[in-house]
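One structure below.
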Amino acid sequence: MESNSNYKYGIKSTFSQCLALVGAGFLQVGVGTELICSTVIIGALSDHSNENEWLTMTNEQTSWFGSLLYLCTPLGSLISSLVLGRLGHKNCMIITNIPYLVSQIMFFYAKNVETMYACSIMMGLSVGFSGGPFSAYIGEVCEPKLRGALMSATNVFFFSGSLLFATIYAITRQWRLTVLINMAIPIITIAILCMSPDSPMWLLSKGKNEKAQRTLGKLRGWVTHDKCSNEFHEMVVFMSANKNSSNDKNDKNDSESSWKQLLQPDVLRPFRLLLIYFFFSNLLSGVPFGPYLVEVFRTFGADVDVQWTVAFSLCIAIVGGILTVLLVNRLGKRFLTLTTLSICSICYISIGLIGVYWTNSEQIKSWLLLTCYLISTFVASFGIMPIGWILLTEIFPMKSRNITCSICSTLSFILSFFMTKYYPDVVYLVDFYNTFTIFGFGGLIGCVYFYFCLPETENKTLHEISEFFK
């Protein structure tokens, strides 16, 4: 296999790949708005000073509305895994915008809690359906040296979507008008994706070798076949090896064989690693607090406009995402994981201890709490939050990548469901500030695990990474 050092394309290649990923980036803008939607709406409905809002929710209804999105992603991911190989990454990314657009229309006309639940379910289907195609597309379109940076760049799009939604609401203070304006995003995304190229790997899997060759040339800066012949040859050999492996069984057992591959060491080891990564990433990047973020900021007690504070937290998350793009290739994913997870853990422990034991000025206390949380938000967006999704595109062998990407995306959101649904119960059992302390010490345990078990994948080809886990 050719080393990635033999791929010398230049700035036109980088520009071409960035251009190809604009559609995928806008898809992440949509995912960002979907995941912040419940935060904004729950905060708006809890603001009893708004006399024009007739819709109300109990605490139990709020927890279901905030977490149903995560619960319903498995169905979207399951459907995605079944049709991804047939329809391709590009078409699946287009389809994922349909339930997203429907949910925004339903939100605008919602008159009862049941409709709000249905909207959350539709968004969950959309988010779940997008995970597998999006991640696999990034991994197969990008050069090894750019894969981490460009995957991180899409994380900036994610936070930009959340920031856009939160900012529109902070300005209008009308959540229905906010979702009405937000309907433009899935429409724009569909238009851009229609002009995006298919993955060369997927085209090869369909026997469209000439089209795959032309597409790869465009993705590498509109170069001739000779210029990218080494990489294309590696793709052909890689696909042939996987096709021969999958042909060992007859057609009747193909589906069963695909699922049995999950038990093979080169699939099971990265699968276990990534599942544990998502657990600690979700725990220390604010996922449990997400739908209740407005109330969290109010509990801190700082004299700030809560809605604009939510928007500001997303601004610094974007800055963190940009730094990941610039530095992941230089610092590596292992170093960033260990560093950012440690800092987030310390920030959470500090919030817990200050909240319980600080007895001096309440004003200083409130600002210390808010500052620690914002620091953890910035650091998480710089490391543990995007890197898990970058690893998702890299560490699985081609033979099972579609299935494993979809399953891991699903399990990540199932973890998010349990964390958000039962966060109020945890707070009730152990108190608000003790929750931060528990999460912080959990993060330190994660640091120990990743120190011994997380390999460095930066600047490695997909083949080299796959060989590590065998």
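Side notes on the structure shown:
- Distance between the stretch 383-453 and the stretch 102-137 - C-alpha centres, whole angstrom: 22
- Of all accessible heavy-atom area on the chain, the percent that carbon and sulfur account for (1.4 Å): 64
- Sites Asp303 and Leu353, calculated FRET efficiency, Cβ-Cβ separation with R0 35 Å, nearest 0.05: 0.95
- Glu456 paired with Ser229, simple spin-label distance in nm, labels 7 Å along Cα-to-beta-carbon: 3.4
- Hypothetical label at Leu180: residues of the stretch 103-126 whose amide nitrogen lies under 16 Å (7 Å Cα-Cβ projection): 104-111
- All C-alpha pair distances within the stretch 260-312, sorted into 5 Å bins from zero, spread as 5, 16, 17, 14, 11, 9, 8, 7, 7, 5, 2, 0 percent across the bins.
- Estimated distance in nm for a label pair at Ile11 and Asn112, the labels positioned 7 Å out from Cα along Cα-to-Cβ: 6.1
- Over 12 Å [Cα-Cα, the stretch 393-443], rounded percent: 71
- Over 22 Å (Cα to Cα) - which of Lys333/Lys421; Lys145/Lys227; Lys12/Lys206 fall in this group: Lys333/Lys421; Lys12/Lys206
- Gap separating the Cα centres of the stretch 158-224 and the stretch 314-330, nearest whole Å: 20
- Rounded to the nearest 20 debye, the dipole magnitude of the chain is 1260 debye, with +1 charges on Lys and Arg beta carbons, -1 on Asp and Glu beta carbons, and the Cα centre as origin.
- The chain: DSSP helices with Cα axial extent of at least 27 Å and average Kyte-Doolittle hydropathy no lower than 1.6: 22-45, 306-331
- The C-alpha radius of gyration of the stretch 11-165, expressed as a fraction of 2.2 N^0.38 Å, stands at 1.16.
- Unit charges at the beta carbon, dipole of the chain: most positive-side option, Gly131, Leu369, Ile354: Gly131
- When each of the peptides 277-286, 303-312, 212-221, 338-347 is scored by how many other beta carbons lie within 10 Å of its residues on average, the order from highest to lowest is 277-286, 338-347, 212-221, 303-312.
- Kirkwood-based shape ratio for the stretch 312-359, expressed as Rg/Rh from alpha carbons: 1.13
- Semi-axes of the equivalent ellipsoid of the stretch 337-385 are 23, 10, 5 Å, computed as sqrt(5λ) over the eigenvalues of the C-alpha gyration tensor in descending order.
- Cleavage-rule hits, GluC sites (Glu not before Pro), the stretch 39-141, DSSP coil, Cβ neighbours within 10 Å at most 15: Glu51, Glu53
The values are calculated or read from the model by the stated rules, or taken from the named source; none is laboratory data. Values in this document were obtained by computation on a predicted structure and should not be read as measured data. All Cβ positions, even for glycine, are placed from backbone atoms using ideal geometry, and neighbour counts span all protein chains on display. What goes into the accessible areas is simple: the full protein's heavy atoms, side chains included, and nothing from ligands, DNA or RNA. Shrake-Rupley method; radii C 1.70, N 1.55, O 1.52, S 1.80 Å.
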